[in-house]
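Let me begin by presenting the structure, written as structure tokens, before commenting on it.
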Amino acid sequence: MSDTKAPLLSVKNLTIALPEGFDRAHAIQDISYDLNPGEVLCVVGESGSGKSMTANAIMGLLPDYLKPTRGSIDYHGRDLLSLPEEEKRALRGRDIAMVFQEPLSALNPLMTVGEQIDEVMLVHGNTNAAARAARVLELMEYVGLPDPATLRNAYPFRLSGGQRQRIVIAMALALEPSILIADEPTTALDVTTQAQILALIKRIQRAKGMGVIFVTHDFGVVADIADRAIVMEKGLIVEQGTADQVLNHPKHPYTQRLIAAVPHRETERKESNGVEAADEVPLLELRNLNKTYRSSEGLFSKPRVVPAVQDINLVLHRGQTLGVVGESGSGKSTLGRVIMKLLDSDSGQILYHGMDIAPLSQASFRPMRKKIQMIFQDPFASLNPRQTIGRILTDGPLANGVDKTTARKRAEELLARVGLDASAYVRYPHEFSGGQRQRIGIARALMLDPDILIADESVSALDVSVQEQVLRLLRDIQDQLKLGMIFITHDLRIAAQICDQIVVMRRGEVVEMGPPSQIFDAPQNEYTQRLIEAIPGKEWHPEQVIRDLHKESI
Amino acid sequence: MQFIKRFSQNYGAVLGLIILAAIVFLAVAAPLLYPGNPWKTVGMPLLRPLQDAKFLLGTDMLGRDIAAGIAHGAKVSLLIGVVSTLVAVLIGVTIGAVAGFYGGRVDDILMRFTEFFQIIPTFAMAVVLVAIFSPNFISITLAIAVVSWPSVARLVRAEFLSLRQREFVQAAVVIGQSGPRIILTQILPNAVSPIIVTASLMVATAILTESALSFLGLGDRNMMSWGFMIGAARTMLREAWWMSFFPGFAILLAVLAINLIGEGINDVMNPHLRGRKQ
């Protein structure tokens, strides 16, 4: 990047006011940055930081109640903010294109994907149908879709998440724009797919010399793709520089905090304390567990059969944290739900303290439920919005015959234990942030003194800094209470941070099992190797950065 | 508090509330305003409105006061509307909740049972039921309830089917709460808004059904009712328009008021529609 080249796009002092009643006055304040031709600019931040806001302002996609109050977005001498809608529409797609987070909702379910790529060219005045058709095939080929001639006639629901995102990218590329804006384009995708899409964006950007604005929350992704990076917090740019500066020599305390929170492997963590307990009866043992989903048989159709859990054998000891890792559809959540008996298993045994709980009816299992508890994924859906926190916490003990005062005392202890104020007891879930709600979820699980705790993607919905706090809380609890914990996650980095043993699942089967050191340093299975390979930012070591910072300060 | 504030911003709903309050007042004050039996002849037959200062809305062909009839009829209409809706909601919520929560075979049986009521034209069924159990307040109320609960059951079942999948309900299962407890304390409070909205609109339908039954002569013979008054006036339509016009207008006002209130409650309780006027 030479300094002599004029920037493609330059945002100057952009300020967008929020309507009254929000927690701050401005969605973004005084944002200035340049996008140069041929570079990938990453905008990083946590939820609510306003990182998507400039991208939306550039595309003219701000909702009605948000109005830019100051500043300009300069593109080839024109200010995009004051451009009339007509001219802005001509620019969209032709000069500036966008890729959205969720490819399924970005595509029209009633049109074939070929038609949708075609339409982009049609609305921009390309009336030559044959030329458009040829271009559709060329684009689909270019974004790496197999067999474009057949696939162009497919509807979006037929395609996998990664293929859909490739279609969206092909649409964005149809008119050879000079700027591509990608708003969290890989967040909804599995890691292996994410790695492919990142490589694709990088490849296209190199080949076409486009400027790319890439909005993300994931520092790993930044490390993989960025030339320059901007870190945002609460609507302000706190740090801006080349990728190397921001990632390896962060200056602002907020950036440093974020980087410290990025999940990474802890080399000094003790591994596999399952060995010491090897001769006692395991807390939980799964033997040849099976669960298959079957759709009901129609008159003319065969039932769809999806084996979600196949012949699983696992052992969980007291004090052990077992990570279950897999991509979407691997059956990892089904496994958790089958152990919880929220779903019935088809065959196999679930031995709890040596007793098979699989054949028990719901009614006869209910008294034992308190010993196996779960922390759910979505902190917003897992708490009843109509109940106070006190009610949510004490419901469990009350259902198990504990009296009110004891339950209340225990609830107050646990609120303090998970780092919440005692006043939370009388408040309602909507008054808390996502991280706080997840703490409440953890407290609810602990109210019943369980032996086994199953955490199903319990930190996936949280920002990295909150994620790190919740993980630390879980680890403290584990160290003190010596539970058996099953930690289900799609993120290998998080599993590495908290687990003693990791189980890698794929299509309902366990493909590899072992301590993190084996899974990460010497993965045996080809699929595990692919997963490890796909982890974003593996060339970058946040823990090293933080260690260096500490050294400098001393 | 917030509910009242948002509700009061909806002018239609406030208007509806004022009209309804006036009708309720009329119903309660009827024995004081128009003491005595509204069925009794009190003046000359077929007096036009305002012809005699004693009979503001005129009299019918038997010399009965139209205004007294409307005031006393308000009580019947409102009472039957509200009570039959309450009974319908009770049946509908019970069946819908059990079907939606337990699913499977239970759901199949209960929904087939519900459909059994849905395949018969509702008004025809109400007529038959009232005709079988001689027309009186209780049989009319029950007949209206019996024909209107299936829509509540369908609605509640749909709500339960979706709420049952939510994580907080699974969390309740996991902490060992029993099925009935989960239905009552976890799911039902979250399904209350659509139930209230539907119920408020059902009151209006019930009033219309009662009027229609009375019009056909299937009303309670001991209670004056708007529908009966219109029915009695149908032979005199050209000679004495006021006999059917005023009770008809009363029905219109009552149903309109309740619909406005129902819409208002819906707007306030349904977060997706909040602020759609902006």
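The values are calculated or read from the model by the stated rules, or taken from the named source; none is laboratory data. Here the structure is a predicted model, which means the values were calculated and not measured. In this analysis, Cβ positions are derived from the backbone assuming ideal geometry, glycine residues included, and neighbour counts consider all displayed protein chains.
The residues listed here are A:Ala243, A:Ala195; of these, the one that is closer than 23 Å to A:Glu543 by Cβ, surrounded by fewer than 23 Cβ atoms within 10 Å (Cβ to Cβ) and in contact with a Pro (Cβ under 9 Å, 6 or more places away or on another chain) is A:Ala195. The helices (runs of 4 or more DSSP H) falling completely within region A:156-230 that include 1 or more residues that are touching a strand residue (DSSP E or B) at 6+ places or on another chain (Cβ under 7 Å) and of a type in the set (S, T, N, Q) map to A:191-208. The set of residues in region A:76-99 being more than 33 Å from the chain's Cα centre (by Cα), in a strand (DSSP E or B) and surrounded by 13 or more Cβ atoms within 10 Å (Cβ to Cβ) consists of A:Arg78 alone. For the condition in contact (Cβ under 8 Å) with a residue 40 or more places away in the chain, within 12 Å of another protein chain (Cβ to nearest Cβ), crowded, with 22+ Cβ neighbours inside 10 Å and assigned to a helix (DSSP H, G or I), A:Leu393 qualifies.
Restricted to region A:396-407, and to residues there that are buried (at least 16 other Cβ atoms within 10 Å of the Cβ) and free of Cβ contacts under 8 Å to residues at least 40 places away in the same chain, the residue that is nearest to the other protein chains (Cβ to nearest Cβ) is A:Ala399.
Looking across B:Ser77, B:Ser134, one residue alone is out of contact with any Lys or Arg (no Cβ under 7 Å at 6 or more places or on another chain), away from chain A (no Cβ under 14 Å) and part of a helix (DSSP H, G or I). It is B:Ser77. So, A:Arg437, is that one over 30 Å from A:Phe219 (Cα atoms), assigned to a helix (DSSP H, G or I) and within 14 Å of chain B (Cβ to nearest Cβ) or not? In short, no. It is to be established whether one or more residues within region B:206-223 are part of a helix (DSSP H, G or I) and among the acidic types (Asp, Glu). Taking every residue of region B:206-223 in turn, at least one turns out to be part of a helix (DSSP H, G or I) and among the acidic types (Asp, Glu). Scanning region B:108-150 for residues that are of a type in the set (Phe, Trp, Tyr) and surrounded by 18 or more Cβ atoms within 10 Å (Cβ to Cβ) turns up just one, B:Trp149. Of all residues in region A:11-25, count the ones that are closer than 17 Å to A:Asp64 by Cβ and in contact (Cβ under 8 Å) with a residue 12 or more places away in the chain. The total comes to 4. Close contacts from region A:444-456, counting a first residue that is at the interface with another protein chain (Cβ under 8 Å from one of its Cβ atoms) and a second that is surrounded by fewer than 22 Cβ atoms within 10 Å (Cβ to Cβ) and hydrophobic (A, V, I, L, M, F, W, C), with Cβ to Cβ under 7 Å and a gap of 6+ residues or different chains, come to A:Met447/A:Leu414. Here B:Ala97 qualifies as crowded, with 19+ Cβ neighbours inside 10 Å, assigned to a helix (DSSP H, G or I) and either modelled with pLDDT of 85 or more or among the hydroxyl-bearing types (Ser, Thr, Tyr) (or both). Scanning region B:30-43 turns up at least one residue that is touching a Ser or Thr at 6+ places or on another chain (Cβ under 8 Å) and over 16 Å from B:Leu253 (Cα atoms).
Quick grid of which residues meet (1) within 14 Å of chain B (Cβ to nearest Cβ); (2) modelled with pLDDT of 80 or more; (3) within 26 Å of the chain's Cα centre (by Cα):
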residue	(1), (2), (3)
A:Asn273	no, no, no
A:Pro282	no, yes, no
A:Leu286	no, yes, no
A:Pro307	no, yes, yes
A:Gln320	no, yes, yes
A:Ser328	no, yes, yes
A:Leu343	yes, yes, yes
A:Gly354	no, yes, no
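Scanning region B:32-56 for residues that are surrounded by fewer than 12 Cβ atoms within 10 Å (Cβ to Cβ) and either assigned to a helix (DSSP H, G or I) or among the polar types (S, T, N, Q) (or both) returns a single hit, B:Leu32.
Count of region A:356-368 residues, restricted to those that are within 8 Å of chain B (Cβ to nearest Cβ) and touching a residue at least 12 places away in the same chain (Cβ under 8 Å), is 1. Residue under question is B:Val152, and the condition is that it be within 12 Å of another protein chain (Cβ to nearest Cβ), assigned to a helix (DSSP H, G or I) and within 30 Å of B:Asp267 (Cβ to Cβ); does it hold? No, not satisfied. Looking at region A:165-185, which of its residues are within 24 Å of the chain's Cα centre (by Cα) and in contact (Cβ under 8 Å) with a residue 60 or more places away in the chain? Listed by number, the residues that qualify are A:Gln165, A:Ile167, A:Val168, A:Ile169, A:Ala172, A:Leu180, A:Ile181, A:Ala182, A:Asp183, A:Glu184, A:Pro185. Cβ-Cβ distances below 9 Å connect the following pairs, each with a first residue in region B:34-63 that is touching a residue at least 40 places away in the same chain (Cβ under 8 Å), a second residue that is surrounded by 17 or more Cβ atoms within 10 Å (Cβ to Cβ) and basic (Lys, Arg), and a separation of six or more residues or different chains: B:Pro38/B:Arg64; B:Trp39/B:Arg64.
Of the residues making up region A:529-553, those that are in a helix (DSSP H, G or I), in contact (Cβ under 8 Å) with a residue 60 or more places away in the chain and not acidic (Asp, Glu) number 7. Here is the figure for region B:30-55: residues that are of a type in the set (A, V, I, L, M, F, W, C) and farther than 19 Å from B:Ala232 by Cα total 5. Selection of region A:396-412 for residues being touching a helix residue (DSSP H, G or I) at 6+ places or on another chain (Cβ under 9 Å) and either of a type in the set (A, V, I, L, M) or in a helix (DSSP H, G or I) (or both) yields A:Gly396, A:Pro397, A:Leu398, A:Ala399, A:Val402, A:Lys404, A:Thr406, A:Ala407, A:Arg408, A:Arg410, A:Ala411, A:Glu412. A:Asp64 passes every criterion in (1) more than 19 Å from A:Arg152 (Cβ to Cβ); (2) of a type in the set (D, E, K, R); (3) away from chain B (no Cβ under 14 Å) apart from (3). Please work out if A:Pro63 is loosely packed, with under 15 Cβ neighbours inside 10 Å and not basic (Lys, Arg). Considered against the rule, which asks whether it is loosely packed, with under 15 Cβ neighbours inside 10 Å and not basic (Lys, Arg), A:Pro63 comes out as yes. Annotation note: of A:Leu316, A:Leu289, A:Leu322, the sole residue that is touching a Pro at 6+ places or on another chain (Cβ under 9 Å) and either in contact (Cβ under 8 Å) with a residue 60 or more places away in the chain or crowded, with 19+ Cβ neighbours inside 10 Å (or both) is A:Leu316.
Could you check B:Ile140 against (1) within 14 Å of another protein chain (Cβ to nearest Cβ); (2) under 21 Å from the mean Cα position of the chain (by Cα); (3) in contact (Cβ under 8 Å) with a residue 40 or more places away in the chain and say which number it fails? (1) is the only condition that B:Ile140 fails.
Here A:Gln377 clears all of (1) within 18 Å of A:Asp451 (Cβ to Cβ); (2) touching a strand residue (DSSP E or B) at 6+ places or on another chain (Cβ under 9 Å) except the condition numbered (1).
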